[in-house]
Structure formats: C-alpha cells, structure tokens
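The values are calculated or read from the model by the stated rules, or taken from the named source; none is laboratory data. This one's a predicted model, so the numbers in the text were calculated from it and none came from an experiment. Every residue, glycine among them, receives a Cβ derived from its backbone with ideal geometry; neighbour counts consider all protein chains shown.
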Amino acid sequence: MARLSIAGAAPASFEGGGSLLELFGDFFKQLYDTTGWNFVIFYDQVEWDRFIAAIWTTIKLIIACLIFSVIVGVVGAWAQGAKSKLLRYGMAGYIQFFRNTPPFVQILFFYFVLGNLTPSYDAGGYQEAYIGSFGWAVISLGFFAGAFNTEIFRSGIEAVPESTQEAASALGYTRLQSYIYVVFPLAFRVCLPALNNNLVNLLKTTTLAYGIAVPEMMYTANQVWSDNVNVPEMMIILFIFYVGLVAILVWGMHRWEKSMKIPGYG
C-alpha cells in the first residue's frame, strides 16, 4: 500500500538550482514507476535531506571515535609501563573488560546505566542529559577500540630497541619525555598496519550506535525503509556507502604508513 501511494503521488518539488535531485530525480522517479525499485532518497526532498543529515552524522561519529580511541590507546600504552602497580593493574582490568564484552552491550550499558547517573538540565519542562546518545556512542566505542589500540601501541613500544630508550635517558630525557619524543614516534610506525585494521573495524562498529537512536546511516536507513517499504534499495545504498568509507580510510592509512616509513622501524 505504501509503494502504491508513493507511485501515485505528484513528483516532489526539487529545491535549489543544480542539485542532485534536479539532475537525477526524474530518472529515479521513472525507475520506480517502471520497475518498482524505489530509491526514494534520490527524488524526494524530505528523504534526501534526512539522508544527507545522516551522512554528516556518520562522518562526525566515525572521526570522533577514531580520534578518541587513538588518544586512549596512546595514554593506555604509556600507563602499562608505569611504575605504579595500581595504574598498571587498573589498565589491565580496563583492557580485559572492553575486550571481553560485546560492543553493543557496552553501548547500552553506557547509555542506559551511566547515562542515568550523569547530571541533566531543565530543557523547558523536561530533563535533558548533558551527554546525549551521540556522546555516549563516541565514549563507549572509543573505549572499546582504545583497549585494542593500547595493546597495539604496547607491542610497538616493545619493538623499539632498549638501547634507543637508554640513549634517550642518557641525554637527560625523563620517562615521559622519552615516551613522547623518542619511543612513541618510532613505535607508532611499527604499529600502523595493525592500527589500520583496528580503525577499519571501529568504522564498521559505529553502525551499532543505531541501538541508542544516534541518527547515523544505519538508523536513518531503517527509518526510510520503514516509511517507504524499500529495504533492498536502502541496503544497497548502505553497502555502497560503507564500502566507500572503508576504502577511503584504508587508502589514507596506507599513504600515511608509506610516508612515515623509516628503514629498520617498519
């Protein structure tokens, strides 16, 4: 019934000269009328706007998760070699917790448990949390991937010769200075291939954010196919979208790896 109502509707008004809807809208509308393949986001202005908003939300979510997970991994690798046993054991517990529980369960735990324990403010008759679903998705997925990044960076640090670290100490570097200026830059080059794989996995894992209603691509595609009964068409778009994102990330990481390569250090 939904498909018939769309087919019989008047063509959507396409706003903005030279837009993609103006260029390709008639083609996709005719494709639906003749074949039943309903790529509604390419001829309906409302669905198009929702689709574009989802793309930007997905890109922001991925970038935030990637950056946060790398920061967690850098700090975690340093903490694993700390003199404090409490810090080392705490980091080991963090790694085991996030590596041995499903990321989807972690997202739900952060959002529904920790989210209820965080402060909120009056948003005009109802309480609104300071950290929304987007923020909890970044935090939970960042900590999840950060646990793996910590181990990746730790293996890279262990690959740096002990003589290099001793030379840094002989030059007057503290442990933290040696880590920042000598050890980690060399370890990072060794880690890049493994880090590349983990960041690609994190990119794909961000689709789990739909479980807490983050309006990214997976969540929006679900809304679109629920409204228009076009599941196969939206799944094709989802597949192409994420293949493209992964290809861009892999290409960028490989270029970065080649540009930072030093003979003898990966």
Looking at this structure, is SER163 crowded, with 19+ Cβ neighbours inside 10 Å and farther than 21 Å from PHE144 by Cα? no
Which condition from (1) of a type in the set (D, E, K, R); (2) surrounded by 13 or more Cβ atoms within 10 Å (Cβ to Cβ); (3) without any contact (Cβ under 8 Å) to a residue 40 or more places away in the chain is the one that ARG255 breaks? (2)
Against the conditions (1) under 23 Å from ASN222 (Cα atoms); (2) in contact with a helix residue (DSSP H, G or I) (Cβ under 7 Å, 6 or more places away or on another chain); (3) hydrophobic (A, V, I, L, M, F, W, C); (4) modelled with pLDDT under 95, where does LEU108 fall short? Just the number, please. (4)
Would you confirm whether any residue within the stretch 239-252 is free of Cβ contacts under 8 Å to residues at least 60 places away in the same chain, in contact with a Phe, Trp or Tyr (Cβ under 6 Å, 6 or more places away or on another chain), part of a helix (DSSP H, G or I) and among the aromatic types (Phe, Trp, Tyr)? no
Any idea which of ILE152, ILE131 is among the hydrophobic types (A, V, I, L, M, F, W, C) and not in a helix (DSSP H, G or I)? ILE131
Listed residues LEU66, LEU61, LEU31; which is among the aliphatic types (A, V, I, L, M) and more than 20 Å from the chain's Cα centre (by Cα)? LEU31
Extreme residue, farthest from VAL75 (Cα to Cα), among residues of the stretch 170-185 that are surrounded by 14 or more Cβ atoms within 10 Å (Cβ to Cβ) and not hydrophobic (A, V, I, L, M, F, W, C): TYR173
